[in-house]
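The values are calculated or read from the model by the stated rules, or taken from the named source; none is laboratory data. Fair warning: this is a prediction, and the values are worked out from it, not measured in the lab. Note that each Cβ is placed from the backbone with ideal geometry, even for glycine, and that neighbours are counted across all protein chains shown.
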Amino acid sequence: MDLIYLNGPSSAGKTSIARTLQDVLDEPYLYLGVDMLMDMMPARTNRWDGVFEAEGFSWRPAVLPDGGTGMQVVGGKYGRSVEALFRDLAASCVATGHRLIIDNADGAAELSRWQARFAAAATCFVGVHCPLETLRQREAVRPDRMPGSAAEQYFRVHLDCVYDITVNTGQDSVKDCAERIAAFVPGAATN
């Protein structure tokens with residue numbers, strides 16, 4: 001398996017699943033998350049105050065289907081170029097024989113771009129689900145999270161997405177989710 005792609009809302013446990021997969025899969029996998037690229041960007045290109053848009057990334061209030069308000073990440077011109085770079089970096093890694101676990105929180109359009117880009121590779125696209133109330137509880141105790149971002153992503157990131165497998169961190173432990181994904185990966189032995 002060349003690429004395991006984890007898509008799900010913030011606080012769903014994607015990073016924990018990715019790290020656990022690295023431990024349980026027999027072959028080595030690099031872990032690459034979109035947040036890592038955001039952290040590499042010049043701070044001045046992003047605005048995380050929820051008031052102003054930026055050339056990189058920023059928060060924008062969004063009305064949720066349940067009538068509440070959430071916060072959605074939006075990309076400016078530079079931010080969109082970094083999203084494209086994310087796919088390019090992954091493609092370069094796969095082309096040089098490195099296996100990857102990707103951590104992302106985006107919707108059907110971005111998932112389709114990844115699926116098209118890696119159509120010739122051995123891939124596993126995973127939907128990481130978690131109940132909304134659990135996401136809100138996890139988000140509330142994490143100081144690095146924008147309140148309302150998990151709820152916005154809960155309603156958006158899985159809409160119209162087609163996955164090879166789904167897991168739910170509200171029902172199963174991170175280890176159980178990782179082992180379920182590992183069992184789905186053809187030829188993967190687990191430690």
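Summary of computed values
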{"read-out": "Residue that is under 17 Å from residue 38 (Cα atoms) and loosely packed, with under 14 Cβ neighbours inside 10 Å, where the choices are 66, 88, 103", "value": "88"}
{"read-out": "The stretch 156-174: number of residues that are touching a residue at least 24 places away in the same chain (Cβ under 8 Å), surrounded by fewer than 20 Cβ atoms within 10 Å (Cβ to Cβ) and within 17 Å of residue 137 (Cβ to Cβ)", "value": "3"}
{"read-out": "Candidates 41, 71, filtered to the one that is in contact with a helix residue (DSSP H, G or I) (Cβ under 6 Å, 6 or more places away or on another chain), farther than 17 Å from residue 18 by Cβ and in contact (Cβ under 8 Å) with a residue 12 or more places away in the chain", "value": "71"}
{"read-out": "Filtered residue count, the stretch 1-39, keeping only those that are under 20 Å from residue 83 (Cβ atoms) and among the aromatic types (Phe, Trp, Tyr)", "value": "2"}
{"read-out": "Test: residue in the stretch 39-53 that is out of contact with any Leu (no Cβ under 6 Å at 6 or more places or on another chain), buried (at least 19 other Cβ atoms within 10 Å of the Cβ), under 30 Å from residue 172 (Cα atoms) and polar (S, T, N, Q)", "value": "no"}
{"read-out": "Tabulated pairs, the stretch 132-148, first in contact (Cβ under 8 Å) with a residue 12 or more places away in the chain and more than 18 Å from residue 64 (Cα to Cα), second surrounded by fewer than 17 Cβ atoms within 10 Å (Cβ to Cβ) and not hydrophobic (A, V, I, L, M, F, W, C), C-beta under 9 angstrom, 6+ apart or interchain", "value": "138/145"}
{"read-out": "The listed residue being modelled with pLDDT of 95 or more and either over 18 Å from residue 7 (Cα atoms) or among the aromatic types (Phe, Trp, Tyr) (or both), out of 189, 95, 150", "value": "95"}
{"read-out": "In the stretch 151-173, the residues that are of a type in the set (Ser, Thr, Tyr) and either part of a helix (DSSP H, G or I) or in contact with a helix residue (DSSP H, G or I) (Cβ under 7 Å, 6 or more places away or on another chain) (or both)", "value": "154, 169"}
